[in-house]
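Every number here is computed from the coordinates shown, using simple stated rules; none is lab data. The model shown is predicted, which means the values in this text are computed figures rather than measured ones. Cβ atoms come from the backbone with ideal geometry, glycine included; neighbour counts cover every protein chain shown.
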């Protein structure tokens, strides 16, 4: 187990360095700079600005500075706002994190529940209804669903605020919308793996020793049946990030995703690369956690590959 | 190909015939296949037919302005008085075109990647599949967004290429699994005994036998690519004006949901319906070709 975690950590650091290098080179290869203006600046002013941001150093020096800064947790300063990239992340990431966690909770809770019931009652009307709902959930894009939900719950019924974050109720619609993207996939995964698990010997043993059907399904089978869902959570969180761009724009949430999109428009290089590296580091950590949980759920994995 | 019974008498069943029989029994999948074909044909020929009635996607009628659905304009008109039905059909050409092209690109990369990894095996296989694993846990769409905007790529061809370049991972895994199970079969040994080069064995003898899986997965990846296009267009880095896709039409409509809801419902339903139909049909196709994956 410890060996597994260590090897994943080393691999993860490699990935982060690769991404940092990639984003550094990409943003330097980009045409057009952040200080391109309609009117050409006086040469002296141009030089001063470049010296201020060390843009006149050699590429190697800039790269060394950049990587050294990252190693100290210093992501540099935004070119457009009077904030450091670190401040932007600490102020705005909590919004994204809250919505993302709530969305995952909705998706996993409901999705696994739907999948287990569908597998339990396989090839009945309940199964078909649940799986059609799951497929429908996968098929409706959030940019269609979001405005419709706002129309119903905010403007029609007046239960929830339509946009912006003002109090806990504001989180409901964005989290629901983001969670629904994954609900269907998780439900289908859970159904498939539960069908497989329910046919295995240990389930027959559990039934044979006289456990109630409920205990067999929800206690014994579910523990193994949920493994593919846990595996899926790694890639799901990766797509959750791009999903959050859309949802945060849709609902006017002041999260990190919205900032990232703004940085793209403004060519705010330090914010772009800083947030990108932060996202990847976050995902790498999360994937290690997923691996560990995986090992706890399924003893066969614990010994390593 | 490698059907177990070579004797094609009337009584024996070919693999394809068997699959076709199973697919036809799944009535919902057949309906969804029909809907998909209908949508594709409508997008191809619909605008032409509308042209005979003097309506096209660019004919502006500022006098008329935005109107709800009516007998003259079945899905209403937008703020410039353009007929929404025709705009949706024309937008569908772009949406479906992006989906088809990007899927084709993903197919080429994924099939080659998976086939080479499995056939060469050993350390090469390990490294190639680790790369796939790492990319799986990656926000690949974020990279597309960054690259599209940093290099100010406005051309739709970049959209094809970049979406295609991130959509091949699952394909590579599936093809690898298939090739693994095929590479020691007799017909491969026979080809090798005849002195065929590895590249010929791989791409002429093995890869054609994986096409069943490839076709099924291609059907299933069309809808997810359509969703990518919608997300990119919504964020303003996808399809650019004057072109319009379902993604851009939905984006336009979503800002006017209260005043003019039909501007969202038309393209939204078109997109949702097409994606649902393709997903359901792809599922049916997979169940028909490989009943074991259903596990029940």
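Counting Cβ atoms of other protein chains within 10 Å of each Cβ in A:236-249 and taking the mean gives 4. Springs between Cα atoms under 10 Å define the GNM used for chain A, and in it the highest mean-square fluctuation of A:209, A:219, A:249 occurs at A:209.
Kindly express, to the nearest 10 degrees and within the range 0 to 90, the angle between helix A:59-71's C-alpha long axis and the longest C-alpha principal axis of chain A. Orientation of helix A:59-71: about 50 degrees from the principal axis.
For segment A:94-264, the orientation-averaged shadow of the C-alpha convex hull comes to 11.2 nm² (one quarter of the hull surface).
Short to long, the 5 Å bins of the Cα pair-distance histogram for segment A:240-288 hold 5, 21, 27, 25, 16, 5, 1 percent of all pairs.
A Förster radius of 25 Å, combined with the Cβ-Cβ distance separating residue A:3 from residue A:223, puts the computed FRET efficiency at roughly 0.55. Modelled spin-label separation between residue B:186 and residue B:27, with each label point placed 7 Å from Cα along the Cα-to-Cβ direction: 4.3 nm.
Taking each residue in B:142-150, count the Cβ atoms of any other chain within 10 Å of its Cβ, then average. What number comes out? Partner Cβ neighbours, averaged per residue: 6. Here is how the number arises for the protein assembly as shown: DSSP H runs of 4 or more residues each give -39500 (n - 2.57), the sum is divided by the residue count, and the result at 222 nm is -23000 deg cm²/dmol.
R0 = 22 Å: FRET efficiency of residue B:40 with residue B:255, Cβ-based, nearest 0.05? The partial results should precede the final answer.
Details: r = 29 Å, r/R0 = 1.31.
Calculated transfer efficiency: 0.15.
Would you mind telling me which residue in A:112, A:261, A:277 has the biggest mean-square fluctuation in a Gaussian network model of chain A, where springs connect alpha carbons within a distance under 10 angstrom? Residue with maximal mean-square fluctuation among A:112, A:261, A:277: A:261. The eigenvalues of the Cα gyration tensor, multiplied by 5 and square-rooted, give segment B:127-195 an equivalent ellipsoid with semi-axes of 36, 15, 8 Å from largest to smallest. Neighbour counting of Cβ atoms within 10 Å sorts the residues B:44, B:84, fewest neighbours leading, into B:44, B:84.
Taking 2.2 N^0.38 Å as the expected size of a compact globular protein, what ratio does the Cα radius of gyration of segment B:191-296 give against it, to two decimals?
Details: Rg = 20.6 Å, N = 106, 2.2 N^0.38 = 12.9 Å.
Compactness ratio reported: 1.59.
Using only Cα atoms, locate the centre of segment A:195-236 and the centre of segment B:245-278, then give the distance between them in Å, rounded to an integer. So the separation of the two Cα centres works out to 40 Å. Principal-axis analysis of the Cα atoms of chain B puts helix B:156-166 at an angle of about 40° to the longest axis. Rounded to the nearest 10 degrees, the inclination of helix A:256-266 to the longest alpha-carbon principal axis of chain A is 40 degrees.
If you wrap a convex hull around the Cα atoms of segment A:158-232, how much volume per residue is inside, in Å³?
Numbers: hull volume 9.4 nm³, N = 75.
Convex hull volume per residue, Cα atoms: 125 Å³.
Compactness check for chain B: Cα Rg over 2.2 N^0.38 Å is 1.19. The mean count of C-beta atoms from other chains within 10 Å of the C-beta of residues in A:274-287, rounded to a whole number, is 2. The radius of gyration of the Cα set in chain A, together with its Dmax, comes out at 23.9, 86 angstrom.
What number in nm² do you get for segment A:82-185 if you take the convex hull of its Cα atoms and divide its surface by four?
Working: hull surface 33.3 nm².
The directionally averaged projection comes out at 8.3 nm².
Once the cut-off is 45 Å, how many percent of the Cα-Cα pairs in the protein assembly as shown end up in the long-distance tail?
On the way: 40668 of 180300 pairs.
More than 45 Å apart: 23 percent of the Cα pairs in the protein assembly as shown.
What full-extension length gain, to one decimal in nm, is calculated for residue B:241 and residue B:20 as 0.36 nm per residue of separation minus the Cα-Cα distance?
That works out to 75.3 nm of additional length.
Here the Gaussian network model covers chain A, with springs between Cα atoms less than 10 Å apart; of A:265, A:15, A:246, A:265 fluctuates the most. From zero up to wherever the largest Cα-Cα distance of segment B:91-167 sits, split into 5 Å bins and tell me the percent of pairs in each. Per 5 Å bin, starting at zero, the Cα-Cα P(r) for segment B:91-167 comes out as 3, 15, 19, 21, 18, 13, 7, 4, 1, 0 percent.
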